[in-house]
Structures are given as structure tokens and as C-alpha cells.
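To keep things clear, I will list the structure first and then write my remarks on it.
Where a number appears in this text, it was derived from the coordinates with a stated rule and is not lab data. Just so it is clear, the structure is predicted and the values come from calculations on it, not from any experiment. Using ideal geometry, Cβ is built from the backbone for each residue, glycine included, and neighbour counts are taken over all protein chains shown.
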Amino acid sequence: MTVDPLMADLDLNVKEMGLRPFQPYLDPFTNVDLRDGMLDLGGKLQVAQEHGRGPLLAFQGHLSVDRLSITDRTDFDELLSWRRLGLNRVVLEIEPTSVKIGDIVLQEPAVSLVVQSDGRLNLAQIAKQPSVEIRPQPAEKPAKPVPVNIEAVKLINASATFRDLSIHPVVKAGIGELTGSIKGLSSRELAKADVSLTGKVDRVAPLQIKGQINPLSEEAYTDLTVKFENVDLLAASPYAGKYAGYPIAKGKLFLDLAYKIAKKELTGENKVVIDQLTFGGKTDSPDATSLPVPLAVALLKDRKGQIDVDLPVRGNLDAPDFKYGRVLLNTLLNLLGKVATSPLFLVGALIGGSGDELRFVEFPAGRSDWREAETRKLASLATVLTERPGLSLDIGGAADRRVDARVLAEDTFREKLGRLKQEEAGKPVRGEALGEPLSPEESMRLTAVWFAAQFPEEGVSAKPALSIAEMKERLLGTVAVEEAALRLLAQERAQRIRDWLIQQGHIEEERIFLVEGEPQEGANMTVRASLSVTSR
């Protein structure tokens, strides 16, 4: 070592230096206690005040921190701990600055996340608020990023626990046995590190993280898939009771997440599968959504008892209003909102359409049969009900006071003409013969006969004679169609739909309900009987 100019070439070796005495350095800035920890360091340190093209300072060696324990000063809960953090084959140079690390090994790290009773997160209270006002400094030109290369980061048996004390009963969950590696971390723009991690949720459910990342470069890059399997949902029951209005009695969660971030653009695919989701009784939570949660679940749950949905997320990370959690929540709420306004929207994938066409069955005016297109519609509806056994169907029969009444009046008109024909022939009036077709000539003649009998005063009128069509309209005006006849037609239409679904669609009778339809008065030549799905 020389003093002027300063130059040193030293061998360093530090063993089990306790970190607890350094607590006063943390006190002005944090609300944590450094309870335990030991520092080991070894290697060569070189310093050269006049360093020419070489670095001012260079260190080659290793360092580690063992048995670290950091607690929350408020409630003395452990926030962070690990058995060992080791940095091996470290090459650190300053002026110019660069960092090279052979591998980083982190053994048994544990993090505790706690939402306190007032709703605040414990980690958000680690840093103390500054006692003096910090004035913003004018923006400076960003410095050139420091070259960093890390061959591998190895994670061994990591864990994280989560507790929410702001809800009753208390929610507790955790991830454990998280083990794996991140290989090839570098600040170089095109470098991509390979990620491979596995673990377990609540000591049972498998967790897998795979893909590539580049967090050290100026343009961060991420291409990761995260898979959760067989996560028991019972731990989330208090949240469901509070926000959905129904606690979870049973269910398993499977998540297949794929996220890619390139040039600040996020593309996320969230494939969610929930198996055998079952709710308990309705709660009286004031925070519960007004959306029809049981109906949404019944629409989404297939005949195997599984819910399978995709929730894509898109956005620019630099956008001032972009927040991942809010975007994902809005996507989910939009899905539930569509359930409320158009329940059959969600089953469109089962029939290759939007599902909106299943809201009604069209009938010709005055008739209870339908065209072939409606048969195909009912077949699609039967598929939906078969695939979604948690659904029931309400059928609202319909009749129109205008178009149906007109056709029913014409039916009565034809029966009257048939009755007149039989009376003229001296035959007994038989119901089965009243609907037999008449020739145009017979129809015209019998219309005139009926008109003369119905309006005898017209025979002495000075007005020009009426045409047969005009006579028919006058006679139709005398035919009364009772509300009871329209109601009977509406019921017959609903029953025809029900019978088809039971007999041809093979849907259980107990899942189909006839409901009173609303009277209609339109100008179309078809009448629509309404269909609506409900949860069982």
C-alpha cells in the first residue's frame, strides 16, 4: 500500500461479523429492527488513485450474509429472513463501473406480508416519512447504465406468507418450497435470462414459473408463464363472503398465466379454471356486489363442474392511467356485467354465435308452430342447458293483441263460412268439417250471404254496393277475440317449447318453468315467446 498517490493491493477476509450493531444506521430511515445477521467477505481489493485506463477500485472475491432476521418494530413480527445469501465469484470495478457475479445463492428466504386491521400493508410502513421537505431537482440527462452480468441466481426453498387481518375470519395463505434458477442476467439490451422456478401453494398445490426476463436492461423484457394447479379456494372464502355476497364452501383453482412485456407494452393472458366451485348461504355484507354472482357461476360452470374463462390484459406501462390490478378487475367486472344484462352472451361459444338469438322463439301470427330456423335455435338451447347443468329455463308465453287477434278472427270467419255451407246443405254442423277449405267462389258467395244477414239494412241503402273484401272487413269487425283466447294461445306456445326441449332436447322437466308472458301489441307478422336462464 502507498499513500501518495493512493494505491493498495489487499487481501480481505471477514468472518461472522455481526450486523446487529449497525442498527443505528437504519433508524433514521426505517421502522424495522435488524435482529440478527452475520457477514462473511473474502477476496482481493485493489485501489489505484492514478489508474489510467484501469479502474479506481476493483474487488474480486465473495461475500455472504447468513441468518438474517428483520422484524417490524410495531408488532415485532418477522418481515424478512433467510438462512444464507451468497454472492460468489464477484468482480466489482468502479470508475469505470461494472459488476460481474458468478452466481447468487439465496437459501430459505422468507417474506411475511400482512394487511393490518386498518387496511394498510406492513411493507408499506417500512420506510419513514422524511422529516424535511425534499424539493424536486431539475431533470438530468440519464447516466449510461452500469454493465451488470450475473451468470445465475439460485433460489432454494423460498417462502412467502400472507395474512389479512382486516377481514373476518382472518385470511391466511402462503407459497413455499420455491426453488429454481434464473440464468444469464445481464444489462445488455438483447440479453435474456432463462427462468425456471417451482414451488407449492399452501404446502400442496404445485406452482411453476418459466420463461425469459431482462430486468437489468433499459428496456425491460418479460416473457413468462406462471401455472398454479389445485389451489384450494377455501382460504379465499372470507373475501367471497364480503365482496361476492356468498362464502366459498368448496372449489379448486387452476391458473395458467402468460405475460409478455416488450417496449413497455404489456400483453397478458389469464386462463382461469375453477373446479367444483360451490357457495354457501348469502351474506349480508354491505360491500357485496349487486351483480348476479350465482347466475354467473351457473352460466360459466360446465357439466363437469368446471369454470373455464380467459381474461386478457393489454396496456402500455407508461400510460399514466394504467394500473395492472385495475385493468384486470375491470375485465372481470365487465364479464359479470354482461351476465347481468345479457346472460346468454356467455354461452355463445357453445353454439358458435353471440347467444342473444336464444332469448326468444318466433311464432307466426295466430299459430303455435314454428319454422325450421326456430327448431335449430331450440337445439342450440338444449346444448347450452346440457352443458350448463346449473341453469334453469323460464319460458314466457306470448300473444299479440293486434296480429294474433287478427289471425284468430280470420279463423273464426272461415269457421262461420263453413257452418253456413253445412246449414245450406241441410247437414248437421260438425266441428271437424268447419275447417275444410272452400273454393274462392264459395267463399265469396257465403261472405255475401253472411253480410246480407248481418247487415240487412245495407240491402236498401242508396250507397254503391260493397266489394267482397269490404264485406269481409266489416264482418271481421263483428268477430270478438277474447283475452282468454289470446292467453290460451300464449300458454300453448310456451308448452310447445317446453315439450320440445323435454322430448327432443332431453332436458329434465324440473329445470323448465312456464311463466306468465307480457301482453304484446306490435305490427310485426311474428310473435316472440321469451326465454331466460336462471341459476338453479
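Would you mind computing, in nm to one decimal, how far apart the modelled labels at Met17 and Gln49 are, each placed 7 Å from Cα along Cα→Cβ?
Label at Met17, label at Gln49, 2.3 nm between them.
What's the FRET efficiency of Ile468 with Glu219 using the Cβ-Cβ distance as r and R₀ = 51 Å, to the nearest 0.05?
On the way: r = 85 Å, r/R0 = 1.67.
According to the calculation, E is roughly 0.05.
Under 18 Å from a point 7 Å along the Cα-to-Cβ line of Asp36: which residues of the stretch 69-87 have their amide N that close?
69-73, 76-86
Given R₀ = 56 Å, what would the calculated FRET efficiency be for Ala262 paired with Ser532, taking r from the Cβ atoms and rounding to 0.05?
Numbers: r = 45 Å, r/R0 = 0.80.
Calculated transfer efficiency: 0.80.
Answer with a single label: of (i) 30.2, 128; (ii) 27.1, 89; (iii) 39.5, 142, which was calculated as Rg and Dmax of the Cα atoms in Å from the structure in view?
For Rg and Dmax of the Cα atoms in Å, the calculated option is (iii).
What does the highest-first list of 415-422, 9-16, 450-457 look like by mean Cβ count within 10 Å? Mind dumping the intermediate values first?
Values: 415-422: 18.4, 9-16: 10.6, 450-457: 12.8.
Peptide ranking by packing, descending: 415-422, 450-457, 9-16.
Label-point separation (nm) for Asn88 and Glu521, each offset 7 Å from Cα along Cα-to-Cβ?
Computed distance between label sites Asn88 and Glu521 equals 8.8 nm.
Give me the net charge of Gln23's neighbourhood, meaning all other residues with Cβ under 13 Å from the Cβ of Gln23; Lys, Arg count +1, Asp, Glu -1. Could you put the intermediate results ahead of the total?
Working: positive: Arg20, Arg35, Arg73; negative: Asp27, Asp33, Asp36.
Taking every Cβ under 13 Å from that of Gln23, the sum is 0.
Multiply the residue separation of Leu57 and Asn334 by 0.36 nm, subtract the distance between their alpha-carbon atoms, and state the gained length in nm to one decimal. Walk me through the intermediate numbers first.
Values: separation 277, 0.36 × 277 = 99.72 nm, distance 5.72 nm.
Full extension of this stretch gives 94.0 nm more.
Take Leu234 and Ala453, extend 7 Å from each Cα along the Cα→Cβ direction, and tell me the distance between the two endpoints in nm.
With each label placed 7 Å out from Cα toward Cβ, I get 8.1 nm.
Pick out, in residue order, every one of the chymotrypsin sites (Phe, Trp or Tyr not before Pro) in the stretch 1-62 that is DSSP loop and has at most 15 other C-beta atoms within 10 Å; say none if there are none. Walk me through the numbers before you get to the answer.
On the way: sites: Phe22, Tyr25, Phe29, Phe59; in loops: Phe29.
Qualifying residues, ordered by number: Phe29.
Spelling out what I want: for every residue of the stretch 275-282, take phi, set θ = phi - 60°, compute 6.51 cos²θ - 1.76 cosθ + 1.60 (Karplus), and round to whole Hz; glycine and proline get x.
9, 6, 5, 9, 9, x, x, 5
Show me 46-53, 151-158 ranked by packing, highest mean number of other Cβ atoms within 10 Å first. All intermediate terms of the calculation are to be shown ahead of the outcome.
On the way: 46-53: 12.8, 151-158: 17.5.
Descending packing order for the listed peptides: 151-158, 46-53.
Is there a pair in Lys172/Lys200; Lys154/Lys252; Lys128/Lys242; Lys282/Lys377; Lys192/Lys264 whose C-alpha atoms are over 25 Å apart, and which pairs would that be?
Lys154/Lys252; Lys128/Lys242; Lys282/Lys377
Using θ = phi - 60° and the Karplus curve 6.51 cos²θ - 1.76 cosθ + 1.60, what whole-Hz ³J(HN,Hα) does each residue of the stretch 7-15 get, with Gly and Pro shown as x?
Calculated HN-Hα couplings, in order: 8, 9, 9, 10, 9, 10, 8, 10, 10 Hz.
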